[in-house]
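Okay, so here's the structure we're looking at.
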Amino acid sequence: MTAVGKQAGWLRIVGLGPGDPDHLTVEAARVLEAATDIVGYSAYVDRVPEREGQLRHASDNRVEVERATVALDLALDGRNVAVVSGGDPGIFAMAAAVFEAIETGNPAWRGLDIEVIPGISAMQAASARLGAALGHDFCVISLSDNLKPWDTLTTRLEAAAGADFVIALYNPASKARPERIFDAFALLRGLKAPETVVVFARAVSRFDEAIEITTLGEADPRKVDMATLVLIGSSATRLIERGDGRAPWVLTPRSYGADT
């Protein structure tokens, strides 16, 4: 029971997928329908259909821990709360923010009924659209240096390139730090072959989806924004031409170090 004698509610951290409602899981849809309150970044809250009696708590993109605190207090007060994130909530999203808040916040939050509801991530959606871009070992790096120093990012990019992973870059560019994607490409161009396959996958599954397949040597980072997932292939990543003239499939084969 809470301090005011109410039965605590529950909190679910829900992945909305990349954008297309068909990519929302059945479990996520069920949770969204059952919630009394929807909490999240305004762009994601707007993707949830409005329901009579359901309250919506939208906020700016850069107040994750504050947003988590609001959601936890609502659940403690007896509300059934869905905290929403695009893609999967455990990948650079609200799951970490909620548990960071719990770690240092109100001890009563630790007794709440909390679950993370997974979603289809942007990299999964992009790879599926392309064919099998993530068919072998890959790593995922956020280019945002809001919460980690740029030196750490360069160390990770160098390690990923040296290990020949396929690299998925999240948060590649914003109005506040438009230069970071240029810095990343400058670094990677010194470490990987210019013919390395590169994909700019913007707004995959949404109405304004745009996918460009290019190479590390030819890629133009000016085309990248925060809605773009950048995929940089390994040395094994290659293209398979289609018979109908459409853009080729992208394959990173399951074997490594072999010609086939």
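For the reader, a short list of remarks on this structure follows.
- Residues located in region 185-223, provided they are aromatic (Phe, Trp, Tyr) and at pLDDT below 95: PHE207
- Residues in region 183-227 that are part of a loop (DSSP other than H, G, I, E, B), over 18 Å from the mean Cα position of the chain (by Cα) and of a type in the set (Ser, Thr, Tyr): THR196 alone.
- For TYR256, the conditions (1) in contact (Cβ under 8 Å) with a residue 12 or more places away in the chain; (2) aromatic (Phe, Trp, Tyr); (3) closer than 28 Å to GLY17 by Cβ; (4) in a loop (DSSP other than H, G, I, E, B) are fulfilled apart from (3).
- Qualifying residues in region 23-69 (those that are without any contact (Cβ under 8 Å) to a residue 60 or more places away in the chain and acidic (Asp, Glu)) - the one farthest from ILE102 (Cα to Cα): GLU52
- ALA133 vs. criteria touching a residue at least 60 places away in the same chain (Cβ under 8 Å), buried (at least 20 other Cβ atoms within 10 Å of the Cβ) and of a type in the set (Gly, Ala, Ser): yes
- Looking across region 157-178, the residues that are farther than 24 Å from ALA193 by Cβ and exposed (fewer than 14 other Cβ atoms within 10 Å of the Cβ) come down to LYS175, ALA176.
- Of all residues in region 224-251, those that are among the charged types (D, E, K, R), at pLDDT below 95 and surrounded by 14 or more Cβ atoms within 10 Å (Cβ to Cβ) total 1.
- Single residue of region 114-148 satisfying the filter (in a strand (DSSP E or B) and under 18 Å from the mean Cα position of the chain (by Cα)) that is nearest to PRO18 (Cα to Cα): ILE117
- A residue that is assigned to a loop (DSSP other than H, G, I, E, B), closer than 23 Å to ARG202 by Cβ, among the charged types (D, E, K, R) and in contact (Cβ under 8 Å) with a residue 24 or more places away in the chain occurs nowhere in region 149-169.
- Subset of region 5-21 (residues that are of a type in the set (Gly, Ala, Ser) and closer than 12 Å to LEU74 by Cα): ALA8, GLY9
- LYS192 being without any contact (Cβ under 8 Å) to a residue 40 or more places away in the chain, among the basic types (Lys, Arg) and in the same structural domain as ARG242 (by TED's automatic domain parsing): no
- Exclusive hit being at pLDDT below 95, farther than 15 Å from TRP10 by Cβ and hydroxyl-bearing (Ser, Thr, Tyr), set SER59, SER85: SER59
- In region 229-252, the residues that are in contact with a Gly (Cβ under 6 Å, 6 or more places away or on another chain) and part of a loop (DSSP other than H, G, I, E, B): THR252
- Residue that is modelled with the lowest pLDDT [pool: residues in region 136-156 that are surrounded by fewer than 18 Cβ atoms within 10 Å (Cβ to Cβ) and among the polar types (S, T, N, Q)]: ASN146
The values are calculated or read from the model by the stated rules, or taken from the named source; none is laboratory data. Just so it is clear, the structure is predicted and the values come from calculations on it, not from any experiment. Please note: Cβ atoms are built from the backbone with ideal geometry, for glycine as well, and neighbour counts cover all protein chains shown.
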